[in-house]
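Remarks on the structure that follows.
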Amino acid sequence: MPKLGFYLCNMEKSLANIKLRERVKELKCLYELSRSAENDLATVINKTLKILPAAMQFPKLAEVKIILDKQIFSTDNYKDTKLSITVPLTVDKKKRGSIEVIYHKNSSLNLSHPFLPEEKKLLTAVAQELSHIVKRVGVEKDKQTLKLQLQHAERLAFVGELTAGIAHELNEPLGRILGFAQLIRKSGDMNEQQNVDMERIIKASLYTREIIKKLMIFSRQMPQQIISVNLNEIVSNILYFIDVRYQSQKIQIQQKLSPHLPIIYADPVQISQVVVNLVTNGIHAMPAGGELTISTSRLKNNVKLIVKDSGHGMNSETKKKIFQPFFTTKPIGQGTGLGLSVVQGIVTSHNGKINVQSSLGQGSKFEIILPIKQ
């Protein structure tokens, strides 16, 4: 009887030591995770993959998989097995993923109950800690986004004021240059070279006037005149002039205009500017020739305009910057960098949306959605 008591006492001590050892491993795991909480999310997840197996009863048999927003992170030897335990990863009561621990089969495992109750609790605690970190990272990201938006708005306001002033200052002398040049040409007292030079002056003045018009639209100095507009007519009229100009450049222009497109209420001058800018951008993206497709269609209470080219396309970095004022990929002297920022400003002022799809070597597709009524 004394021997049995001694045996039971040792057994209790052994179980207590095992529980203590497991508890120490769990606390170490949570401590290591809390230490990495200030790092970026990817670092925290990778750290969790390393420290979580060590906290399990059989570290050498354990593998971990973490799913967050459909992204999967796992240890090197992870594979699906029935010997697993899973807890949800929840942020603000919304399931964003899960944490799963598996054991590889081994003779030392109890196949019917491979995991301790404490391990389930640990996994739940790790999931809660990871959820807090995910939430903190999201808040920081939102703050950074708002900060960038505010900086961008401030820059736009400054550029708008600056360009409005420049446009007004240039308009008057430019009008005089253009007027006097046209009067001189009408006088007829010039030789052939002088006629050529005068034509260049007039063309340069008209080009500069277009730039000033873009500046004034960008800085909201030209008030909108909302009237009934036939979008198909605007597209057809613009393409009539552009088609002749670019026939020699091996560019094929395809029109796919919906015959049942409703009349919309918009500023016809500004909508024309949108079409011209998108079409000329598409043509410039195809220096060796290609196909430009312009299509229109109806979407419930909206109309859709698509301008698609088969040009060189854009990488992701360029695509992020295309709506920034004065950003251009064209050589110096061949672009102002205002075209797409003007397009975005006009579409936004008409309560519309603009979507862009592009990749290198695959061309670009600009989709404009405008409401039928303002």
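The values are calculated or read from the model by the stated rules, or taken from the named source; none is laboratory data. All values reported here derive from a predicted model rather than from experimental measurement. Neighbour counts are summed over all protein chains in view; Cβ atoms, including those assigned to glycine, are modelled from backbone coordinates with ideal geometry.
For Val229, the conditions (1) modelled with pLDDT of 80 or more; (2) of a type in the set (Val, Ile, Thr); (3) out of contact with any helix residue (DSSP H, G or I) (no Cβ under 6 Å at 6 or more places or on another chain) are fulfilled apart from (3). Taken over region 162-221, the residue count meeting the criterion of being of a type in the set (Lys, Arg) and either exposed (fewer than 12 other Cβ atoms within 10 Å of the Cβ) or at pLDDT 75 or above (or both) is 6. Any idea which residue in region 294-316 is nearest to Asn281 (Cα to Cα), counting only those that are β-branched (Val, Ile, Thr) and surrounded by 19 or more Cβ atoms within 10 Å (Cβ to Cβ)? Taking the candidates together, the pick is Val307. Residues of region 252-288 that are part of a strand (DSSP E or B) and surrounded by fewer than 16 Cβ atoms within 10 Å (Cβ to Cβ): Gln252, Gln254, Gln255, Lys256, Tyr265.
Looking only at region 186-215, which residues are charged (D, E, K, R) and not in a helix (DSSP H, G or I)? Asp189 - this is the single residue of region 186-215 that is charged (D, E, K, R) and not in a helix (DSSP H, G or I). Applying the condition of being acidic (Asp, Glu) and surrounded by fewer than 17 Cβ atoms within 10 Å (Cβ to Cβ) to region 47-78 and asking which residue is farthest from Gln128 (Cα to Cα) yields Asp76.
For Thr329, state whether it is of a type in the set (Val, Ile, Thr), over 27 Å from Ile227 (Cβ atoms) and at pLDDT 85 or above. Here the answer is no, as Thr329 does not meet what is asked.
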